[in-house]
Amino acid sequence: MREIPTPTFDLSPIALPRGLLHRFFPPIEVKSEKSIAATGRSGIEVSWAKHQDEVREAQRLRFDVFATEMGANLKTPIARHDIDSFDNFCEHLLVRDVETRRVVGTYRALTPVQAKRIGRTYSDAEFDLTNLRELRPHMVELGRSCVHIDYRQGGVIMALWGALAEFMERNQLHTMIGCASIPMLHNGMVSGDAAASIWRQVKEKHLAPSEQQVTPRLSLPVDELDDTLDIAPPALIKGYLRLGAKVLGAPAWDPDFNTADLPMMMRISDMPDRYRKHFLGA
């Protein structure tokens with residue numbers, strides 16, 4: 001397997017290969033009764049990608065979920081892989097089925113130094129993040145989160161969140177941002193009504209203070225849509241909100257992924273005590 005040459009975290013020398021900061025943190029096996037009951041398998045394992053081969057596994061899962069399952073229009077240099085210009089600058093978190101060794105869940109994380117190297121975050125293309133400029137030195141962007149359809153019973157996403165929280169704590173990073181997607185397909189029809197209705201719900205209790213709010217570059221026209229639908233937010237968004245995340249503003253429209261993207265921010269200090277204890281033991 002070939003080591004990825006791109007430098008990694010801001011706490012490491014500039015020439016350090018990807019994943020080297022993780023080598024003293026071996027894969028963690030997580031046994032979830034819910035996952036075992038649903039899959040009939042013994043458990044899952046969480047680790048950070050150290051080789052391009054492992055990143056390719058994550059990119060294949062992303063393609064299966066985003067393109068094949070959700071209908072995203074992906075422009076990619078390798079067939080059946082979701083690849084973009086940020087991948088070489090990101091750390092990739094993987095969840096594997098212990099028995100099959102298949103990657104069944106993934107996140108990617110763009111650290112502050114790598115965001116500086118590439119010149120922006122992915123979210124900068126969708127939102128004006130001027131109000132977050134003071135947070136950038138300790139701000140990680142999370143993205144491309146997905147879980148295989150057979151493993152969406154909670155165990156995989158909890159394992160991912162636990163590893164991310166430990167990563168943030170260990171590297172003295174306190175803020176996570178990202179775009180949480182709402183599919184535009186609702187009841188078999190392409191419509192923004194579901195996204196507008198979810199935006200109405202979440203802004204009532206979870207909107208960030210005005211000094212932290214951001215502006216979409218391509219706005220979803222929420223004022224022209226029906227926002228009265230009785231529809232629950234996607235499970236991932238509900239999970240973020242339970243962890244203390246804030247919505248930073250109105251959704252943007254991503255035509256390639258055919259989604260409405262909510263800008264979200266989660267800070268370790270805002271995490272409820274029970275989740276801090278669960279993920280960090282503190």
Counting Lys and Arg as +1 and Asp and Glu as -1 over every other residue whose Cβ sits under 14 Å from the Cβ of residue 64, the net charge comes to +3
Surpassing 32 Å at the alpha-carbon level, of the pairs 50/203; 203/277; 75/238; 75/277, are 50/203; 75/277
Once amide hydrogens are built 1.01 Å from N within the peptide plane, the residues lying 5 or more places from residue 72 or on another chain with amide H under 5 Å from its amide H are 67
Straight-line reach check, residue 116, cutoff 13 Å on alpha carbons, 8 or more apart in-chain or any other chain, hits among aspartates and glutamates -> 10, 124, 141
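Using the beta-carbon distance between residue 204 and residue 113 and R0 = 51 Å, what value does 1/(1 + (r/R0)^6) give for FRET efficiency, to the nearest 0.05? Provide the component values of the computation, followed by the final result.
Details: r = 37 Å, r/R0 = 0.72.
After rounding to 0.05, the efficiency reads 0.90.
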For segment 174-218, listing trypsin sites (Lys or Arg not before Pro) in a DSSP loop whose Cβ sees at most 12 other Cβ atoms within 10 Å gives 217
With label points set 7 Å from each Cα along the Cα-to-Cβ direction at residue 53 and residue 231, the distance between them in nm comes to 4.3 nm
Quotient of Cα radius of gyration and Kirkwood radius for segment 177-267, i.e. Rg/Rh, equals 0.93
Here P(r) for segment 136-214, Cα-Cα distances in 5 Å bins, as whole percents, is 3, 11, 14, 18, 21, 19, 10, 4, 1
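Taking the highest mean first, how do the peptides 73-84, 58-69 order by number of other beta carbon atoms within 10 angstrom per residue?
On the way: 73-84: 13.2, 58-69: 19.2.
Highest-to-lowest ranking by the protection proxy: 58-69, 73-84.
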Extend 7 Å from the Cα of residue 80 along its Cα-to-C-beta direction; within segment 141-178, residues with backbone N under 20 Å of that point are 146-151
Using the Kirkwood radius over Cα pairs of segment 20-280, the Stokes-Einstein translational diffusion coefficient at 37 °C and 0.692 mPa s, in µm²/s and rounded to a whole number, is 174 µm²/s
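May I ask you to give the average projected area over all directions of the convex hull of the Cα atoms of segment 96-232, in nm² rounded to one decimal? Working shown, then result.
Values: hull surface 42.6 nm².
Its Cα hull, projected and averaged over all orientations, spans 10.7 nm².
We did not get these values from a lab; they are worked out from the coordinates using the rules stated. Owing to the predicted nature of the structure, the values given are computational and were not obtained by experimental measurement. Every residue, glycine as well, gets a Cβ built from its backbone with ideal geometry; the counts of neighbours run over all protein chains shown.
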